[in-house]
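Taking it in order: structure first as structure tokens, then the write-up.
The values are calculated or read from the model by the stated rules, or taken from the named source; none is laboratory data. Being a predicted model, the structure only gives us computed values, none of them experimental. No Cβ is skipped: glycine too gets one built from the backbone with ideal geometry, and neighbour counts run over all protein chains shown.
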Amino acid sequence: MTLIANIVAAAPALTQVRRDIHAHPELCFKEVRTAELVAAKLTEWGIPVHRGLGTTGVVGIVHGRDGGAEAGGTGRAIGLRADMDALPMTELNTFAHASTHAGQMHACGHDGHTAMLLAAAQHLAQHRDFDGTVYLIFQPAEEGGGGAREMIKDGLFERFPMDEVYGMHNWPGLPVGSFAVSAGPVMASSNEFHITIRGKGGHAALPHNGIDPVPVACQMVQAFQTIVTRNKKPVDAAVISVTMIHTGEATNVIPDSCVMQGTVRTFSVEVLDLIEQRMRDIAQHTCAAFGATCEFRFKRNYPPTINHEAQAATARQVMADLVGPEQVLPQEPTMGAEDFAYMLQAKPGAYVFIANGDGAHRGRYEGGGHDVGPCMLHNPRYDFNDDLIPLGASFWVRLVERCLGTPCQQK
């Protein structure tokens, strides 16, 4: 492993920044304190800052030794993105930097993502060993708010024209010192459905006088799974999950209506189109067959996150140079969703993963015990591994130097 020496030296200070952010989590579009902290650090290092994109987003600009396009430089540019928001959940950790905001927690490592990019920003501003421009994108509202989409709507790519964009997420369970990246789909689309079945309520002893929506819902749940097994191609991944069914108020009353909700996840828009249409058909015709009526709503949230081949290959080579090729793993696609997908729809790029370890790092400040060990993202005992800060920052810097050293198309 070949980390950058001055980033390693600066890591303790960035660790304190990371823990400060962890102790003061902020939910989507409310990252006011976090954005202030990020902007203050960038300004301290002489990096021009733009505020307010996507409500609370921050963009820092670092020109290389050529001074950037405005100074007659190459005009090439790269974007590096970190997310800043926390989750609406209660933290169960008891270490000193645990959340001080009730019901809010950095349970996905966005505090660490921000710290890694800040560490890289500090080095880039001090050395500028590249030609072109680096745009440092600190994004709000990844956790369901679509902050990437909102920054794009606010002119992210028009105001800060970049050739490529990259994002990075920590991944628990993989050993520290390893990375993962693959071309193609790496995270799924996220979508929600809401179905209201309207029947005719009545006495449970006289079912023939009503239209019971409950068996209609049962038929529908089973039929939805045939879309996955009998309508789409077997090689195309998809998940349909009915996660909520709400109906009835008394044991002796057939309810008037039943509400079903859940999620659909796919790796392609084509499969998503198929599933939405088949679900709508099944819902409407099943209700009609039972004499009920149906209200069907389908909401598309995040699109699939699809890495571009050339940029994934560039990231893989940088990782191999940093930690050795044996520590660069293929990223198994996950059905989780990520709004960096919007940026990859607009620009070539890649979303990469840095290993967060097995959770043992928490023992250093929890004193060991039952809660030390593996914990996944969105777990109330999760914490970002601070050992990743110099490694992640070194990756960002080496990626910049590779993309803005030799033109990417010449590699």
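Name the single residue, out of those in the range 50-66 being buried (at least 18 other Cβ atoms within 10 Å of the Cβ) and outside any strand (DSSP E or B), that is farthest from the chain's Cα centre (by Cα).
Once the filter is applied, the top-ranked residue is Asp66.
Of everything in the range 275-307, what is part of a strand (DSSP E or B) and under 32 Å from the mean Cα position of the chain (by Cα)? Give them in sequence order.
Listed by number, the residues that qualify are Glu295, Phe296, Arg297, Phe298, Lys299, Arg300, Thr305, Ile306, Asn307.
Against the condition of a type in the set (Asp, Glu) and crowded, with 24+ Cβ neighbours inside 10 Å, how does Asp83 come out, does it pass?
Yes; evaluated as a whole, the condition is true for this residue.
Could you list, in sequence order, all residues of the range 123-151 that are in a loop (DSSP other than H, G, I, E, B), within 14 Å of Val59 (Cβ to Cβ) and either among the acidic types (Asp, Glu) or modelled with pLDDT under 95 (or both)?
none
Here is a list of conditions, (1) outside the structural domain of Pro213 (by TED's automatic domain parsing); (2) more than 29 Å from Glu164 (Cβ to Cβ); (3) of a type outside the set (Gly, Ala, Ser), and Asn307 meets all of them except one; can you say which number that is?
Here Asn307 meets the rest and fails (2).
Is it the case that the range 285-302 has a residue that's under 30 Å from Ala115 (Cβ atoms) and either small (Gly, Ala, Ser) or out of contact with any helix residue (DSSP H, G or I) (no Cβ under 9 Å at 6 or more places or on another chain) (or both)?
Yes, the range 285-302 has at least one match.
Given the structure, is Ala102 small (Gly, Ala, Ser) and not in a loop (DSSP other than H, G, I, E, B)?
Here the answer is no, as Ala102 does not meet what is asked.
Yes or no: Thr34 in contact (Cβ under 8 Å) with a residue 40 or more places away in the chain, surrounded by 17 or more Cβ atoms within 10 Å (Cβ to Cβ), of a type in the set (Ser, Thr, Tyr) and over 22 Å from His361 (Cα atoms)?
Against the criterion (in contact (Cβ under 8 Å) with a residue 40 or more places away in the chain, surrounded by 17 or more Cβ atoms within 10 Å (Cβ to Cβ), of a type in the set (Ser, Thr, Tyr) and over 22 Å from His361 (Cα atoms)), Thr34 qualifies.
Could you please find all residues in the range 318-331 being exposed (fewer than 15 other Cβ atoms within 10 Å of the Cβ) and either among the hydrophobic types (A, V, I, L, M, F, W, C) or free of Cβ contacts under 8 Å to residues at least 12 places away in the same chain (or both)?
Once the filter is applied, which keeps residues that are exposed (fewer than 15 other Cβ atoms within 10 Å of the Cβ) and either among the hydrophobic types (A, V, I, L, M, F, W, C) or free of Cβ contacts under 8 Å to residues at least 12 places away in the same chain (or both), the range 318-331 yields Ala320, Pro325, Glu326.
Identify, by number, the condition in (1) of a type in the set (Ser, Thr, Tyr); (2) touching a residue at least 40 places away in the same chain (Cβ under 8 Å); (3) closer than 27 Å to Leu156 by Cα that Thr43 doesn't meet.
The one condition Thr43 does not meet is (2).
Pull out all pairs, ordered by first then second residue, where Cβ-Cβ is under 7 Å, the residues are six or more apart or on different chains, the first lies in the range 155-170 and is within 22 Å of Met116 (Cβ to Cβ) and assigned by TED's automatic domain parsing to the domain that holds Glu309, and the second is part of a helix (DSSP H, G or I) and at pLDDT below 95.
Pairs that qualify, where the first residue is within 22 Å of Met116 (Cβ to Cβ) and assigned by TED's automatic domain parsing to the domain that holds Glu309 and the partner is part of a helix (DSSP H, G or I) and at pLDDT below 95, are Glu164/Cys408.
Every residue in the range 335-368 that is free of Cβ contacts under 8 Å to residues at least 40 places away in the same chain and among the hydrophobic types (A, V, I, L, M, F, W, C), please.
Ala360
So Gly363 ticks every box in (1) farther than 29 Å from Ile152 by Cα; (2) modelled with pLDDT of 95 or more but one. Which box is left unticked?
So Gly363 meets the others, but not (2).
Out of curiosity, is Pro175 part of a loop (DSSP other than H, G, I, E, B), more than 30 Å from Thr74 (Cα to Cα) and at pLDDT below 95?
It is true that Pro175 is part of a loop (DSSP other than H, G, I, E, B), more than 30 Å from Thr74 (Cα to Cα) and at pLDDT below 95.
Which residues, counting only those in the range 199-246, are in a loop (DSSP other than H, G, I, E, B), within 20 Å of Phe267 (Cβ to Cβ) and in contact (Cβ under 8 Å) with a residue 40 or more places away in the chain?
Lys232, Ala237 - these are the residues of the range 199-246 that are in a loop (DSSP other than H, G, I, E, B), within 20 Å of Phe267 (Cβ to Cβ) and in contact (Cβ under 8 Å) with a residue 40 or more places away in the chain.
Which residues, counting only those in the range 177-204, are closer than 21 Å to Leu118 by Cα and either crowded, with 17+ Cβ neighbours inside 10 Å or polar (S, T, N, Q) (or both)?
Ser178, Phe179
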